[in-house]
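So that we are looking at the same thing, I have put the structure below in structure tokens.
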Amino acid sequence: MKRTRGEDGAALVLALVVVLVTAVLGLAVANLTTTSVSFSNASASDRQLSYAADGAADWAINQVAQALNAPPSDPPPPLPCASPEPFPGFTATTLTVSCQAPRGGDRRGNGGSQATYVFTVTDAVAQVTYLNTTVAFAPGGDGLLHGVVQSWAERPTR
């Protein structure tokens, strides 16, 4: 087979182009995979914190309900979340729960009406608020105060 002078080295150039295109595609796929894995890990962590914040708020609401329904004492015991306190049983983060009692000092509501509490779940280290919720405690037919959630805002904006 006879070659012409202009085709010398064409196979080498073609092979180098194929190798270069294959390398660029391989790097693109590797980068996409790495980005997807890191995004997936971040999403899982964020989801875990969101669930923990929900659990912390439920815990705090339950603690306040128990305190409000405890037999009267003089002076009344402090509310469990009157100052920010760590959420027990979840040590993977620094979630704290705080609640704001009704104004006027009447923890059970004025004259048997409802008492509204605002609960906030934050990460003290990351300075992130994960949850704000408002719960109204009102007397039920059994004479105890029961909580009714009025608002529940995850990742509220300031």
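Each value in this text was obtained by applying a stated rule to the coordinates, not by laboratory testing. All values reported here derive from a predicted model rather than from experimental measurement. Ideal geometry is used to build each Cβ from the backbone, glycine not excepted, and the neighbour counts take in all protein chains shown.
Could you calculate the FRET efficiency of residue 69 with residue 153 from 1/(1 + (r/R0)^6), where r is the beta carbon distance between them and R0 is 25 Å, rounded to 0.05? Kindly include the intermediate steps, with their values, before the conclusion.
Numbers: r = 26 Å, r/R0 = 1.05.
The value I calculate is 0.45.
Within region 8-154, what percent of beta bridges assigned by DSSP are antiparallel, to the nearest 5? Mind showing how you got there, number by number?
Numbers: 26 of 26 bridges.
For region 8-154, the DSSP antiparallel bridge percentage is about 100.
Which peptide among 20-31, 56-67, 123-134 comes first, and what is the full order, when sorted by highest mean count of other Cβ atoms within 10 Å? Can you show the working numbers first?
Numbers: 20-31: 10.0, 56-67: 19.0, 123-134: 15.8.
Output ranking for 20-31, 56-67, 123-134: 56-67, 123-134, 20-31.
Let me ask something additional. Could you work out how much longer the chain between residue 100 and residue 118 gets when fully extended? Use 0.36 nm per residue separation minus the Cα distance between them, nm to one decimal.
Values: separation 18, 0.36 × 18 = 6.48 nm, distance 0.51 nm.
Value of the extension gain: 6.0 nm.
Over 5 Å intervals from 0, what percent of Cα-Cα pairs in region 20-81 sits in each interval?
Percent of pairs per bin, in order: 3, 15, 11, 10, 9, 7, 8, 6, 6, 5, 5, 4, 3, 3, 2, 1, 0.
Set the Förster distance to 41 Å, then compute FRET efficiency between residue 58 and residue 16 from the Cβ-Cβ distance, nearest 0.05. Could the numbers behind the result be given before it?
Numbers: r = 63 Å, r/R0 = 1.54.
Computed FRET efficiency for residue 58 and residue 16 comes out at 0.05.
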